[in-house]
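As structure tokens, the structure follows; a few thoughts come after it.
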Amino acid sequence: MGVYLISVGAEEWFGEETGWGEIATALNDDLRQRGLPPYESVPDEPDFVVRGSGQAFEEKLISSVDGFDALCEAHLSQGETETLSHWSVLVPFSLGEVIRLPIGSAYTESSTVVAGAPQVLAVAQRLATAIELPAETPRMCDNLDLTMWFREGAAKELAAARPGPWADDLDAAFYAALYLRAAEHAVRRGCPIVYS
């Protein structure tokens, strides 16, 4: 099975039976209390996803995170590292600070941490620049495209032909790319990204 990072469409996000409906309601209540508009413009999930179309996001977290933790420690502050990866739901709009909801989710038992994709994107771009993440890294990650690129050999071949800081630890580079592409997708499509 494993853990996946996926985009969620309106029906699942607001659905009562999916588990995300409770989180969506609690988030909107919190946003209203902060004087912010509720998050209601979630796009529908596409009926059929063509690989590389950028309509959905799905990646599997199967690599070790040890190298990624070290990479963050070398290039980011503790606060930036938390912004980049210490969330359980990513929304496509800016938040001044993360929102902690007292509701468990698929990834966390006792609470859900909601982060704004623009803030995550800014940190992810800095890290990608620091490790010189190559332009060939898949951008549209509909169906494990990023996971397969790193796991099936294309990244390894490119690293051998064009080494750089990103090639020193491909598992760490995978996570740097994962958070970058997840934040880009959330902003581009206007949808939430969640762990499943």
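The values are calculated or read from the model by the stated rules, or taken from the named source; none is laboratory data. Being a predicted model, the structure only gives us computed values, none of them experimental. Cβ sites come from the backbone with ideal geometry, for glycine too, and all protein chains shown count toward neighbours. SASA here: full protein model, heavy atoms, side chains in, ligands and nucleic acids out. Shrake-Rupley method; radii C 1.70, N 1.55, O 1.52, S 1.80 Å.
Restriction of the chymotrypsin sites (Phe, Trp or Tyr not before Pro) in segment 1-98 to DSSP coil positions whose beta-carbon has at most 12 other beta-carbons within 10 angstrom yields 48. Assuming a ≥ b ≥ c are the square roots of the Cα gyration tensor eigenvalues, decide whether segment 64-124 counts as rounded (a/c under 1.5), prolate (otherwise, with a/b larger than b/c) or oblate. Oblate is the answer for segment 64-124, as a/c is 1.5 or above yet b/c matches or exceeds a/b. Semi-axis lengths, largest first, of the ellipsoid equivalent to segment 81-172 are 30, 15, 11 Å, with √(5λ) applied to each eigenvalue of the Cα gyration tensor. Compared with the alpha-carbon gap, the fully stretched path from residue 122 to residue 82 is longer by 13.1 nm at 0.36 nm per residue. Could you check how many percent of all C-alpha pairs in the chain are farther apart than 31 Å? When every Cα pair of the chain is considered, 16 percent fall beyond 31 Å.
Applying both filters, DSSP loop and at most 16 other Cβ atoms within 10 Å, to the trypsin sites (Lys or Arg not before Pro) of segment 1-100 gives 34, 51.
Per residue, the Cα convex hull of segment 119-196 amounts to 90 Å³.
Averaged over its residues, the chain has an accessible area of 49 Å² per residue, based on protein heavy atoms and a 1.4 Å probe. Between the helical axis of 117-130 and the longest alpha-carbon principal axis of the chain there is an angle of about 10 degrees. Potential lengthening of the chain between residue 32 and residue 161 amounts to 41.2 nm, from the contour at 0.36 nm per residue minus the alpha-carbon distance. Please state the shape class of segment 14-92: rounded when a/c is under 1.5, otherwise prolate if a/b exceeds b/c and oblate if not, all from the C-alpha gyration tensor. Cα axes put segment 14-92 in the oblate bin.
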